[in-house]
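A short worksheet on the structure shown next.
Laboratory data are not the source of any read-out in this text; all were calculated from the coordinates shown. Computed from a predicted model, the values in this text were never measured in an experiment. Glycine gets a Cβ as well: all are built from the backbone with ideal geometry, and neighbour counts include every protein chain shown.
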Amino acid sequence: MREFKRTIYIQLELPSNLDSALEECSRVGIKFALPKERLLAVVGTWWKTRHIAGNSIEFGSYKGATFLLLALLSKMNNINQKFLLLDTFEGIPIKSKYDLNRNSNEYHPKEHQDDLIRNQASALSIIHHIEIHKGLFSSTIKELNLTQPTFAFVHIDANVYESTLEACQFAIPRISMGGQVVFDDYNSVSDLGA
């Protein structure tokens, strides 16, 4: 795995058609917020789960780019996974006393970002591979809990303490044997609460 510094501890295997998938994403207007090293770490970690039972879930999807890429790679490689994107799509919710370096007005995507993600997914022919869940994690989790999901891959990028805690409490007990969790905010100076 990689730390968020430029130090590489191990080289993760990546899908052979990653460059093609990135070109397709660019064609439909997808722009990645993650630096390339971190994006490759997420892709490589997800790739390790391609034979694990369960779906993939992302807490804090922002503009949806990372999971649209993974859903496209899943389709291109005949991997049977659903990709669940969870976000308010309205910026960071109320922060706690642990979130000293965050403001509630951060991470505001364009209005109707969830519709834009659906349009991009349609253009990539992956609309049936994704589920968009708009709202606070606490509300979304109640709905998802009814389906008794299991996860092969979990990406937590919640940026604030309460949301990260809710994501962990919901997703970690539902990870299949051999599944993986990526904490985007781990060791981040601006996200110490998360």
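Using the beta-carbon distance between Lys36 and Ile10 and R0 = 25 Å, what value does 1/(1 + (r/R0)^6) give for FRET efficiency, to the nearest 0.05?
For Lys36 and Ile10, the calculated efficiency is 0.90.
State which entries of Lys48/Lys82; Lys31/Lys63; Lys75/Lys134; Lys36/Lys63; Lys63/Lys134 exceed 19 angstrom in Cα-Cα distance in the structure shown.
Over 19 Å apart, Cα to Cα: Lys75/Lys134.
Per residue of the stretch 151-167, what does 6.51 cos²θ - 1.76 cosθ + 1.60 with θ = phi - 60° give for ³J(HN,Hα)? Whole Hz please, x for Gly and Pro, Karplus curve as stated.
The phi angles translate into 10, 8, 9, 10, 10, 10, 9, 8, 6, 10, 4, 4, 5, 5, 4, 4, 4 Hz.
Taking R0 as 45 Å, what's the FRET efficiency between Thr147 and Arg27 from their Cβ-Cβ distance, rounded to 0.05?
0.85
Gln169 to His112: extension gain in nm, 0.36 nm per residue of separation minus the Cα-Cα distance?
17.7 nm
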